[in-house]
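Peer 1: Quick one: the structure is below, and I'll ask about it shortly.
What follows draws every value from the coordinates through simple rules; no lab data is involved. As the structure is a computational prediction, the values presented were derived from the model and not from experiment. Cβ atoms come from the backbone with ideal geometry, glycine included; neighbour counts cover every protein chain shown.
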Amino acid sequence: MNNYFINFSNLVTFFQNGEQIAKSIPLKKTDLELEFEARLKEYKLVIYKVCRMYKNDPNDIQDLYQDIIIQLWKSYPKFRGEAKFSTWLYRIAINTALASFTRKKRAIQTSEVELYNIQMPYEEDIGLKEEQHQQLHTAIQQLNDIEKSIVILYLEDKSYDAMEEILGISNATLRVKMNRIKDKLRTLTNNK
Amino acid sequence: MELDTLKNSWNTLSVDVNRDQFDIISATKKEMKSPLAGLKKKVQKQIKMLPILFAFLVVIAVKMPDAQHHILIWMGLVILPLTTLYYYFNLKLITDLEEMNGSVKDDIQNKIKKLISTNRIYLIVNRVVFALLIIGIEELIRNNRLDLVPGLETLKNIVFPLRVLIYAGIFGLHYVVSKYTFTYYFGKYIRQLKNILTEMQ
């Protein structure tokens, strides 16, 4: 009769072992996952640049980088190629960055293990360390979020038509805003 | 330094993207740190609590026959399922808001519209439910079926104009509570979306 009773500690051990085994087995990726990873590969730097444009703190950049990739993955099954992949990616990346406004004070629990699978490129690789670039970058940080998104698209060499498609702001408004941004940055960097 | 100078160097930048082994399967298991993800987690926790409270009230009502005549128990049994329904729709709304469609501006405009219309629908549905509840109570009082709902006797003893005032007070309170609840959940979010939209003009 005793055999019919479940020993609780055995049950816990069973589940713990099961979890360990599950972790050690490499999961087979679906075709969609492989396709997504392949397409994403060439845009990783772009995503990093978007994060760097909106956030200063390395941990915030890391969080945003992670959020953008998760959001892209969640939205990918619905991507039907109506817009170019890069347009779609920029839309989601900027949208996620804009929506990431309220961050609670960082809890210390963020561990290396937690971040293991989504690592960002190191900033040194981007080459923004020169003093002049740094000065301009600091000035860019003082722009509002929409101005920042216009700057990132401008730096990415997007045409005004492409910017309009991504942001939904009319071509004429974008040109006016771009001129204002340039003036603003000129003033900000000259004052330094 | 001009923006164009930065543009030149910006596009010549490169990085070794193969340095890290990105694993999408693990990535999808991670939680996002966006405000909506935080809100979703909060609502999910609350929605799990409500059935437990409901079951607790049912157990009390079954085990303690005296409690069955207590108006608070009956109110709890009516309000808790309605609250669960409200949280469920909130959860659905948050899931919808997490989706991104179209250009950035269109997406933000759609989200604001969705938030406002959902709140309006929620208010209307609630008012209709309250109105039906009041009509039901008045019908019971008119037909002298006071035994059906505990506390009805007390309500009958209050003169009709004062009862109307009480109902109006409940409507008013409901309006204030609804507004507070909406602001509590989505106020900051909708404000920020509107600010972004203003920046886009």
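Peer 1: Have a look at chain B and give its Rg and Dmax from the Cα atoms, expressed in angstrom.
Peer 2: 25.5, 85
Peer 1: Another question, if that's okay. Can you compute the radius of gyration and Dmax for segment A:127-192, using only the Cα atoms, both in Å?
Peer 2: 12.3, 35
Peer 1: I need the phi-derived Karplus couplings for segment A:51-67: 6.51 cos²θ - 1.76 cosθ + 1.60, θ = phi - 60°, integer Hz, Gly and Pro marked x.
Peer 2: 4, 5, 5, 9, 10, 10, 5, x, 5, 5, 4, 4, 4, 5, 4, 5, 4
Peer 1: Report the trypsin sites (Lys or Arg not before Pro) located in segment B:88-188 that are in a DSSP loop and have at most 16 other Cβ atoms inside 10 Å of their Cβ, or state none.
Peer 2: When the trypsin sites (Lys or Arg not before Pro) of segment B:88-188 are filtered for loop state and at most 16 Cβ neighbours within 10 Å, B:145 remain.
Peer 1: Another question, then. Go ahead and estimate [θ] at 222 nm for chain B from helices alone: -39,500 (n - 2.57) per DSSP H run with n ≥ 4, summed, over the residue count, rounded to 500.
Peer 2: -26000 deg cm²/dmol
Peer 1: How shielded is A:167-180 by partner chains, expressed as the average number of their Cβ atoms within 10 Å of its Cβ atoms?
Peer 2: 2
Peer 1: To the nearest whole number, what is the average tally of beta carbon atoms from other chains within 10 Å of the beta carbons of peptide B:95-107?
Peer 2: Per-residue shielding by partner chains comes out at 6.
Peer 1: A follow-up question, please. Quick one: what are the phi-derived ³J(HN,Hα) couplings along segment B:97-113, Karplus 6.51/-1.76/1.60 with θ = phi - 60°, whole Hz, x for glycine and proline?
Peer 2: 5, 6, 6, 10, 9, x, 5, 4, 5, 4, 4, 5, 4, 5, 5, 4, 4
Peer 1: OK, next. Using the structure shown, select from A:29/B:111; A:44/B:194; A:49/B:111; A:49/B:45; A:55/A:182; A:29/A:55 the pairs with a Cα to Cα distance greater than 24 angstrom.
Peer 2: A:29/B:111; A:44/B:194; A:49/B:111; A:49/B:45; A:29/A:55
Peer 1: Continuing with the same structure: How many angstrom separate the Cα center of segment B:124-140 from the Cα center of segment B:180-195?
Peer 2: 29
Peer 1: Would you kindly compute the Cα radius of gyration of segment B:33-99 and its largest Cα-Cα separation (Dmax), both in Å?
Peer 2: 15.3, 49
Peer 1: Compute the long axis of helix B:160-182 from its Cα atoms, compare it with the longest principal axis of the Cα atoms of chain B, and write down the angle in degrees, 0 to 90, nearest 10.
Peer 2: Rounded to the nearest ten degrees, it is 20.
Peer 1: Ok, one more. With just the Cα atoms defining each centre, how far is segment A:31-48 from segment B:51-87? Give it in Å.
Peer 2: If we compute the Cα centre of each part, the gap is 51 Å.
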